[in-house]
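Novice: The structure is given below, and queries will be raised subsequently.
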Amino acid sequence: MDSIRTRVHETLTAHFGPGAVTATTPPTTELLGDLDCESMDLIAIVVTCEGEFGLVIDDAAADTWRTIDDIVTYLEAHQAEMSEPR
């Protein structure tokens, strides 16, 4: 099974397009500043992560996501709540 970080990178690449996020993209890459993530983008990312990781992501928690690492850290902290990968 791929790591959470790898799966987040794949999710962001699928959303923002090839080359936007790669294995060498720093975890401190900012969603807003570096990836031009807008509110609708964040909603789409949250929905995709919910499906990918099998959990419900609190809106207030998602609002705190500023970097790729914020997403990974949140998902790692909630790993026990995850259902089987889809």
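Novice: Hey, does the stretch 40-53 have a residue that's free of Cβ contacts under 8 Å to residues at least 24 places away in the same chain, more than 15 Å from T73 (Cβ to Cβ) and not in a helix (DSSP H, G or I)?
Specialist: no
Novice: I would also like to ask the following. Suppose we filter the stretch 16-34 for residues that are surrounded by 12 or more Cβ atoms within 10 Å (Cβ to Cβ) and within 17 Å of Y74 (Cβ to Cβ); how many remain?
Specialist: 6
Novice: Give the residues of the stretch 49-65 that are over 16 Å from D2 (Cα atoms) and surrounded by 15 or more Cβ atoms within 10 Å (Cβ to Cβ), sorted by residue number.
Specialist: Hits for the stretch 49-65 are L55, I57, A62, W65.
Readers should treat all values here as calculations from the given coordinates under stated rules, not as data from a laboratory. In this text, all values refer to a predicted model and were calculated from it rather than measured experimentally. FYI the Cβ positions are ideal-geometry reconstructions off the backbone, even for glycines, and counts take in every protein chain you see.
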